[in-house]
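Enquirer: For reference, the structure I am asking about is given below.
The values are calculated or read from the model by the stated rules, or taken from the named source; none is laboratory data. In this text the structure is predicted, and so the values were computed from the model without any measurement. Cβ atoms come from the backbone with ideal geometry, glycine included; neighbour counts cover every protein chain shown.
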Amino acid sequence: MTAAHVTVIENAPDVPLGSFGDHLADAGLAVRTVRAHAGEPLPAVDDLGAGLVVLGGHASAYDDDTTPWLPGLRSLLLDAATSGVPTLAVCLGAQLLAVAGGGQVTVAAPPGREAGAVRIFWRPEAKTDVVVGAAARAAAEVGGRASVYPTSHADAVSELPQDAVWLASSNMYPFQAFRLGSALAVQFHPEADAALVEHWLADADAEDRDAALASLAEAQERTETNGAELARAFVGQVLAARPESALV
């Protein structure tokens, strides 16, 4: 029997799968990367394999004129979420899923850029989530201590889809994680390490960049541990739901 595959949609060449690639490989899952930014066509929902990961990017969720694959990607995300395909939507991916489901995204949101290590506060609904449930329950057992992940974004989800389950917030933005059907959407970057976030912040204001990098350095061990735990939990969802059609 050949390995099952997970489809990864890459929206920008400098926003890769990162550490998640290792976790998928460790579980025996092949990765099929679709470089939408390079003009590679999006697959149909029936061709996604065992799961779907949609990564971040530099466009807004509404930039259809300059990023022509976004309408198709919004449709693909919603199809995957409503047809039972285990899906992880990260940053721009999360924003695209919110819009596809009837929610809204605010471009250049008024609180400003959120960057560096961000504290994520899990809501009670998160405790039973198939992917983030373990993290939420562990946080509750120690008095609600927040999980910490890297982040870098200026746009933000400002209204969830009607059928979404709100899972987490941060001090700056309320909608840090939500579930829509079989899709988990996260505004933060569990797949990224400090070096990648530093690259994303290269053009940021020097003071803001230094503060973000300092927060990442201070929380490096926690961000890496939490990212790995989320990756393994998502892999578990993929393996549990793996259909025969996922074989490559």
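Enquirer: Give the range 20-43 a look and list any residue that's over 26 Å from THR67 (Cα atoms) and part of a loop (DSSP other than H, G, I, E, B), or say none.
Expert: If the condition is that a residue be over 26 Å from THR67 (Cα atoms) and part of a loop (DSSP other than H, G, I, E, B), then ALA27, GLY28, LEU29 are the ones that fit.
Enquirer: Something else now. Find the residue count for the range 27-54, including only residues that are surrounded by fewer than 18 Cβ atoms within 10 Å (Cβ to Cβ), of a type outside the set (A, V, I, L, M, F, W, C) and free of Cβ contacts under 8 Å to residues at least 60 places away in the same chain.
Expert: Residues meeting the conditions: 8.
Enquirer: Is there a residue in the range 88-96 that is in contact with a Lys or Arg (Cβ under 6 Å, 6 or more places away or on another chain), surrounded by 24 or more Cβ atoms within 10 Å (Cβ to Cβ) and in contact (Cβ under 8 Å) with a residue 24 or more places away in the chain? Explain how you work it out, then say what you get.
Expert: First, pick out the residues of the range 88-96 that are in contact with a Lys or Arg (Cβ under 6 Å, 6 or more places away or on another chain): 96.
So of that shortlist, the ones also surrounded by 24 or more Cβ atoms within 10 Å (Cβ to Cβ) come out as 96.
Narrowing further to those that are in contact (Cβ under 8 Å) with a residue 24 or more places away in the chain: 96.
Looking through the range 88-96, at least one residue is in contact with a Lys or Arg (Cβ under 6 Å, 6 or more places away or on another chain), surrounded by 24 or more Cβ atoms within 10 Å (Cβ to Cβ) and in contact (Cβ under 8 Å) with a residue 24 or more places away in the chain.
Enquirer: Yes or no: LEU201 within 23 Å of ASP14 (Cβ to Cβ) and in contact with a helix residue (DSSP H, G or I) (Cβ under 6 Å, 6 or more places away or on another chain)?
Expert: Against the criterion (within 23 Å of ASP14 (Cβ to Cβ) and in contact with a helix residue (DSSP H, G or I) (Cβ under 6 Å, 6 or more places away or on another chain)), LEU201 qualifies.
Enquirer: Are there helices (runs of 4 or more DSSP H) fully within the range 171-248 with at least 1 residues that are within 29 Å of ALA27 (Cα to Cα), at pLDDT below 90 and among the hydrophobic types (A, V, I, L, M, F, W, C)? List them.
Expert: Correct list: 194-200.
Enquirer: Regarding the range 160-167, can at least one residue be identified that is at pLDDT below 95, among the polar types (S, T, N, Q) and within 28 Å of GLY51 (Cβ to Cβ)?
Expert: Step one: of the range 160-167, the residues at pLDDT below 95 are none.
No - not one qualifying residue is present in the range 160-167.
Enquirer: So, one more: Among the numbered conditions (1) buried (at least 17 other Cβ atoms within 10 Å of the Cβ); (2) not in a strand (DSSP E or B), tell me where SER152 comes up short.
Expert: Failed condition: (2).
Enquirer: Of the residues that make up the range 229-243, is at least one out of contact with any Lys or Arg (no Cβ under 7 Å at 6 or more places or on another chain), of a type in the set (Lys, Arg), under 14 Å from VAL148 (Cα atoms) and in contact (Cβ under 8 Å) with a residue 24 or more places away in the chain?
Expert: No, the conditions are met nowhere in the range 229-243.
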